[in-house]
């Protein structure tokens, strides 16, 4: 014990018969004598200055609840200004004052007296003794264990009743108005006892009991789902909160959500790998017996402050892993099959938005790029709200086989054409492993993420290309909020791009210009219905026809110009010209200006 320890000196000056032992101070308990209990009752203070529970005291007879120096000062009638670290300007958490008139105190006493030897043995198997059960007033109503939720006025208005060994068989007893999530904190008084100190926050009353038996302060909620109702302000004066839940993915998510609301003072317990699903501290205490205390102390020391940020080490590793991936063949293979376009964009990476006038061939252009990538074993998800699965497949087969739609429908082939067609059918079948068309008009960002996970798993691929035809037909709640809905989708696409290594090809409509035409020079303002395209798109392109879709121009002479109007990495300008490959539902790329 350091002589300069102001907290240690506070206890030394106000206790008698003190004795320093390693990191502990022992003394006669001043509160046992006041209560007429054992005058030799022992009082223990934890004084490891670097420890999380420095200054925490408790009576071994449990005559008063343990706590930190400010609670000791209050029990001893000391001026709080004498307590190191006391802030007279602090704002203590608001206390509820409108409690019901009636309480359950007498019932709780009777229930505690009804604990059976079998139930006492149940608790003893986890190391929980009778004195702690008496302190917490745990009881039995003849069928259910009764856990009293005593409020900060030291009265009980509600209790949770749990069938032993069957945690799903549960009900609340008492005043209905105090059953709300904000009030579902077991042993809530310990929050006030631990100002400027540390405490445990557990899911499950039994899990708290085994920690209380070791001498730790803490509170509990019935289960991890009740964490959502916790008011973070209740813990405003606590320095460290050790958050303990069962070993499950759902509980881990609740841990993250609660820690995000409370902040850096939360230190979640980390379970070892290989433990059973839903493993708890209660089971841990039963399994480890006398080793339990030392193992919990180790977990306390190893618990790291919560942070929503990736650790610097992981961030460094992720950065260099990504660099290595981008230098690999998988990243480089994300090509459209149009050489001039691939050169202009350095492949399909990020969010690529292509706008075009109606009937300019946007969908045909997208289908060709998407299926060419799938043929090279790049997984492609094609979200189609325009053409239908059958039409997409049919146009793809026309392009691959160099046969018209009518020839395929009538099955009119020469011998050579039949061979070419059969070969194309085989290629088409192989392509479908990597090409998935989704026509679900109720798709959400969450469903899209699931689809991406599925296709990556099924194709054993790192990267995925997602095609959306079109941006303006993605579902959103209210048609009158179309613009905000589109912008919200763009935010989601950004998130998916960054989290899942996804590249997007997105069709967008264009706004009509002067005279209700689509003949304006290409620029970012021609995209319809969203001001966020300029912020979200890694590349924004416009496909402009050099022909009038409503005129009688022959099919063979139709050409489009593709303009890159904005890019994060590349220079804007004319990319190439694309001639309609009639009647095979495709385009042939030409260098801009070539005849």
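The values are calculated or read from the model by the stated rules, or taken from the named source; none is laboratory data. Just so we're clear, the structure is a prediction, and the values are computed from it rather than from any experiment. Don't worry about glycine lacking a Cβ; one is built from the backbone with ideal geometry, like all the others, and counts go over all protein chains shown.
Miscellaneous remarks
- Only a single criterion out of (1) in contact (Cβ under 8 Å) with a residue 60 or more places away in the chain; (2) surrounded by 14 or more Cβ atoms within 10 Å (Cβ to Cβ); (3) outside any strand (DSSP E or B) is not satisfied by residue 37, namely (1).
Conditions tested, residue by residue: (1) modelled with pLDDT under 95; (2) closer than 21 Å to residue 131 by Cα.
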site	(1), (2)
6	yes, no
24	yes, no
33	yes, yes
38	yes, yes
73	no, no
80	yes, no
90	yes, no
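- For region 112-132, a residue qualifies if it is buried (at least 17 other Cβ atoms within 10 Å of the Cβ) and free of Cβ contacts under 8 Å to residues at least 40 places away in the same chain, and the qualifying residues are 112, 115.
- Of the candidates 474, 400, the single residue that is over 26 Å from the mean Cα position of the chain (by Cα), touching a residue at least 24 places away in the same chain (Cβ under 8 Å) and buried (at least 16 other Cβ atoms within 10 Å of the Cβ) is 400.
- Scanning region 568-587 for residues that are farther than 12 Å from residue 558 by Cβ and not in a loop (DSSP other than H, G, I, E, B) yields a total of 4.
- Qualifying residue in region 67-84 (condition: under 27 Å from residue 42 (Cβ atoms) and part of a strand (DSSP E or B)): yes
- Of the numbered criteria (1) surrounded by fewer than 11 Cβ atoms within 10 Å (Cβ to Cβ); (2) closer than 30 Å to residue 369 by Cβ, the one residue 294 fails is (2).
- Assessment of region 139-160 against the conditions (under 26 Å from residue 71 (Cβ atoms) and assigned to a helix (DSSP H, G or I)) yields no matching residue.
- Residues of region 40-59 that turn out to be in a loop (DSSP other than H, G, I, E, B) and closer than 23 Å to residue 135 by Cα, as a count: 5
- Filter result (touching a helix residue (DSSP H, G or I) at 6+ places or on another chain (Cβ under 9 Å), outside any helix (DSSP H, G or I) and more than 13 Å from residue 175 (Cα to Cα)) within region 98-115: 115
- Here region 509-529 is the region considered, the condition is being at pLDDT 70 or above, in a loop (DSSP other than H, G, I, E, B) and under 15 Å from residue 486 (Cβ atoms), and the residue that is nearest to the chain's Cα centre (by Cα) is 528.
- Residue within region 297-308 that is exposed (fewer than 14 other Cβ atoms within 10 Å of the Cβ), touching a helix residue (DSSP H, G or I) at 6+ places or on another chain (Cβ under 7 Å) and either at positive phi or assigned to a loop (DSSP other than H, G, I, E, B) (or both) present: yes
- The criterion of being part of a loop (DSSP other than H, G, I, E, B), closer than 18 Å to residue 495 by Cα and within 26 Å of the chain's Cα centre (by Cα) holds for residue 462.
- Some residue of region 83-97 being out of contact with any helix residue (DSSP H, G or I) (no Cβ under 9 Å at 6 or more places or on another chain), more than 30 Å from residue 10 (Cβ to Cβ) and not assigned by TED's automatic domain parsing to the domain that holds residue 204: yes
- Residue 98 being loosely packed, with under 15 Cβ neighbours inside 10 Å and either at pLDDT 85 or above or under 24 Å from residue 218 (Cβ atoms) (or both): no
- Positions within region 170-207 being more than 26 Å from the chain's Cα centre (by Cα), touching a residue at least 24 places away in the same chain (Cβ under 8 Å) and in a loop (DSSP other than H, G, I, E, B), in sequence order: 175, 187, 188, 194, 195, 196, 197
- Options 47, 81, 15: the member that is touching a residue at least 12 places away in the same chain (Cβ under 8 Å) and closer than 24 Å to residue 191 by Cβ: 47
- Every listed requirement among (1) part of a loop (DSSP other than H, G, I, E, B); (2) in contact (Cβ under 8 Å) with a residue 60 or more places away in the chain is met by residue 88 save one, (2).
- Within region 413-449, the set of residues being under 21 Å from residue 334 (Cβ atoms) and part of a loop (DSSP other than H, G, I, E, B) comprises 432, 433, 434.
- All of 156, 202 fail the test of being at pLDDT below 95, touching a helix residue (DSSP H, G or I) at 6+ places or on another chain (Cβ under 6 Å) and at negative phi, apart from 156.
- Search result, residues across region 40-60 that are over 15 Å from residue 198 (Cβ atoms) and surrounded by 18 or more Cβ atoms within 10 Å (Cβ to Cβ): 41, 43, 44, 59
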